[in-house]
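Structure record follows, encoded as structure tokens.
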Amino acid sequence: MELNDFIDRGRPRWGRLSLLLDRIESQGLKTLTLEEAREFGRLYRAASSDLLWARSRSASAELVEYLNDLVARGYAQTYPGDRPKLGDALSFFLTGFPRLLRAHWKVFAASYLIFLVGMGFGYAGMWLDPGAGVYLVPEQHQQLDPDQRIKDAGEHRASGEEQSVFASFLFTHNIQVAFFAFALGLTMGLGTAILLFLNGLMLGSLAFVYQSKGHATWFWAWILPHGVPEITAICLAGAAGLVLGAALLAPGRLSRAEALRERGRIAVRLCLGTLPMFVFAGLIEGTLSQIHEPQIPSAVKLIFAAVVAVLLAGWLALAGRDPKVRAAHVA
């Protein structure tokens, strides 16, 4: 059987199983009639077989992830004693989330590109017209002189309590930004794209302000240690929003409501997968990022940021890969 024929034949079954699961998860198994319960069992077994077939034929990661999600949901309802445990959440963050991201790398790349375009626009706008800072530079930085900011940072070191409070604030704020970017996907992705662009624009314009004063190294040593995981997480949340937008703009053979329900699960998981990165970024931003020269040289902070970038990229690119698939790629 060809893959396209497999998908065409399986789609109605998978859609029906998804609808039954939505009902069971919200109202319970007891709401099904006897015939619906039998139908659920047949569809669940068929989906399990379809998942095995898709894996054996090296189907797309997106299809395998979709079927795996259906089967996992069906298993949870078929064997209610086996409820999700802490290990399940840990497994998702360590391996499941990177697999999900790789299956949707194009939308993540689009999200990151929008952010970078905004960053370039902010930098170029300040270069062409420094007076545009009143519109481009974040308001809280417009009255700050970089020279004075760096002098004050070198003379004052926050206490452990101040760092803890600041890290908690940053974590909460960044989570709000991420979920806002995700929710704006319901504007057909336009709101998400604007939010990503504006965040990039503010960073680019601020980078120019510090570079124009000869403090580019200090600026990036301040931003990158926490910025590497934080920006990645925001762009991932933006990618989740774009998935929602794509479901509304191009639902394919499904109705918009069906496409939103189907792809919404993917989008939610993409957004939830950013939580560990935001926690990590908040801890760094509330501590290391706020300690400057002479306490910690900028070079040390930049090296730290580079190590974080390599580890983050390695996790997202390699975690959860099938060893056989990896060996085949190497060969």
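The values are calculated or read from the model by the stated rules, or taken from the named source; none is laboratory data. Model, not experiment: these values are computed from the prediction. All Cβ positions, glycine included, derive from the backbone under ideal geometry; neighbour counts span all protein chains shown. Surface accessibility is based on the protein's heavy atoms, side chains included, excluding ligands, DNA and RNA. Shrake-Rupley method; radii C 1.70, N 1.55, O 1.52, S 1.80 Å.
For this structure, a couple of remarks:
- The listed residue being assigned to a helix (DSSP H, G or I) and at pLDDT 90 or above, out of Ala240, Ala257: Ala240
- Lone qualifier among Ala54, Ala46, Ala59 - being part of a loop (DSSP other than H, G, I, E, B) and touching a residue at least 24 places away in the same chain (Cβ under 8 Å): Ala59
- Pick from the stretch 27-80, criterion under 14 Å from Ala103 (Cβ atoms) and among the acidic types (Asp, Glu), ranking: surrounded by the fewest Cβ atoms within 10 Å (Cβ to Cβ): Glu62
- Within the stretch 159-207, the set of residues being open to solvent by less than 30 Å² (accessible area, probe 1.4 Å), at pLDDT below 75 and among the hydrophobic types (A, V, I, L, M, F, W, C) comprises Ala167, Leu170.
- The set of residues in the stretch 211-231 that are open to solvent by 40 Å² or more (accessible area, probe 1.4 Å), assigned to a helix (DSSP H, G or I) and more than 16 Å from Glu285 (Cβ to Cβ) comprises Gln211, Ser212, Thr217.
- Some residue of the stretch 280-294 being open to solvent by less than 50 Å² (accessible area, probe 1.4 Å) and under 15 Å from the mean Cα position of the chain (by Cα): yes
- Residue match in the stretch 82-102 (condition: among the charged types (D, E, K, R), crowded, with 18+ Cβ neighbours inside 10 Å, out of contact with any Phe, Trp or Tyr (no Cβ under 8 Å at 6 or more places or on another chain) and assigned to a helix (DSSP H, G or I)): yes
- Of all residues in the stretch 286-309, exactly one satisfies the criterion of being among the charged types (D, E, K, R) and out of contact with any Pro (no Cβ under 8 Å at 6 or more places or on another chain), namely Glu293.
- Checked against the criterion of being open to solvent by less than 50 Å² (accessible area, probe 1.4 Å) and more than 22 Å from Phe115 (Cα to Cα), the stretch 232-247 contains not a single residue that satisfies it.
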